[in-house]
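First comes the structure, then the notes that go with it.
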């Protein structure tokens, strides 16, 4: 597990199929410790996670359940997911959220329409200069850049791009990618490039 900033840690699991890292985050703020989109985890990182005493799991979309059920059982904590995706998820969801919802850890939900799944959401953490947390909205690949999933993943890729432009309305410097490599500075510019390229 690597430290991104004070109270923000990330671990990764390499997907042979996708040839990129799947990333999980642990956000510790005040009395809450939130896990976001947890991929498989090794024994060393599990020990670190246990020491942090997680309180909640937040998922960004229906396809990022990953290890959420195992973590819910292990830590006895609730799972939050986008309301529009919850009925399509393979696990039961404890609490759903909508656009603008304030989640555990102070995360603000940003619903993105016309994406791969109906509930796809980004999460904004208003800490330091701001962190934008993405599930499948944009992928961190190649290093230092962001890109959309392949066009066939969308009903209408142009509508998906249009929806993503709302990410430019928020303040953040870092983009923490659920898939691929996170961008710790110049993240907003990387989002802009991804949408205009």
TODO: Answer yes or no: is there a residue in the range 173-184 that is out of contact with any helix residue (DSSP H, G or I) (no Cβ under 9 Å at 6 or more places or on another chain), under 18 Å from residue 60 (Cα atoms) and surrounded by fewer than 16 Cβ atoms within 10 Å (Cβ to Cβ).
DONE: no
Open item on the list: Go through the range 116-135 and report how many residues are buried (at least 24 other Cβ atoms within 10 Å of the Cβ) and either at pLDDT below 95 or part of a loop (DSSP other than H, G, I, E, B) (or both).
Closed with: 3
TODO: Give me a count of the residues in the range 75-117 that are farther than 18 Å from residue 134 by Cβ and over 17 Å from the mean Cα position of the chain (by Cα).
DONE: 9
Task: Subset of the range 54-77 that is assigned to a loop (DSSP other than H, G, I, E, B) and out of contact with any strand residue (DSSP E or B) (no Cβ under 6 Å at 6 or more places or on another chain) - its residue that is surrounded by the most Cβ atoms within 10 Å (Cβ to Cβ) - done: 61
Task: Residue match in the range 158-181 (condition: within 19 Å of residue 18 (Cβ to Cβ), part of a loop (DSSP other than H, G, I, E, B), under 16 Å from the mean Cα position of the chain (by Cα) and modelled with pLDDT of 95 or more) - done: yes
Open item on the list: Cβ-Cβ under 9 Å, sequence separation 6+ or interchain: first residue in the range 147-160 and at positive phi, partner in a helix (DSSP H, G or I) and surrounded by 10 or more Cβ atoms within 10 Å (Cβ to Cβ). Which pairs?
Closed with: none
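Condition first: out of contact with any strand residue (DSSP E or B) (no Cβ under 9 Å at 6 or more places or on another chain) and either crowded, with 24+ Cβ neighbours inside 10 Å or touching a residue at least 12 places away in the same chain (Cβ under 8 Å) (or both). Now tell me which residues in the range 78-88 satisfy that. Show your work before the answer.
As a first pass, look at the range 78-88 and keep what is out of contact with any strand residue (DSSP E or B) (no Cβ under 9 Å at 6 or more places or on another chain): 87-88.
Passing the criteria: only 88.
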- [ ] For the range 141-157, state whether one or more residues are touching a helix residue (DSSP H, G or I) at 6+ places or on another chain (Cβ under 6 Å), crowded, with 19+ Cβ neighbours inside 10 Å and part of a loop (DSSP other than H, G, I, E, B).
- [x] yes
Open item on the list: Is it the case, given these coordinates, that residue 22 is outside any loop (DSSP other than H, G, I, E, B), touching a residue at least 60 places away in the same chain (Cβ under 8 Å) and surrounded by 15 or more Cβ atoms within 10 Å (Cβ to Cβ)?
Closed with: yes
Task: Any hit, the range 59-74, residues being touching a helix residue (DSSP H, G or I) at 6+ places or on another chain (Cβ under 8 Å), at pLDDT 95 or above and within 14 Å of residue 35 (Cβ to Cβ) - done: yes
Open item on the list: Condition first: in contact with a helix residue (DSSP H, G or I) (Cβ under 6 Å, 6 or more places away or on another chain) and either over 17 Å from residue 105 (Cβ atoms) or free of Cβ contacts under 8 Å to residues at least 40 places away in the same chain (or both). Can you find one or more residues in the range 5-19 that meet it?
Closed with: yes
Open item on the list: Tell me whether the range 96-111 contains one or more residues that are buried (at least 16 other Cβ atoms within 10 Å of the Cβ), part of a loop (DSSP other than H, G, I, E, B) and in contact with a helix residue (DSSP H, G or I) (Cβ under 6 Å, 6 or more places away or on another chain).
Closed with: no
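The values are calculated or read from the model by the stated rules, or taken from the named source; none is laboratory data. These figures come from a predicted structure and were not determined experimentally. A quick note on method: Cβ atoms are made from the backbone with ideal geometry, for glycine too, and the neighbour counts reach across all protein chains shown.
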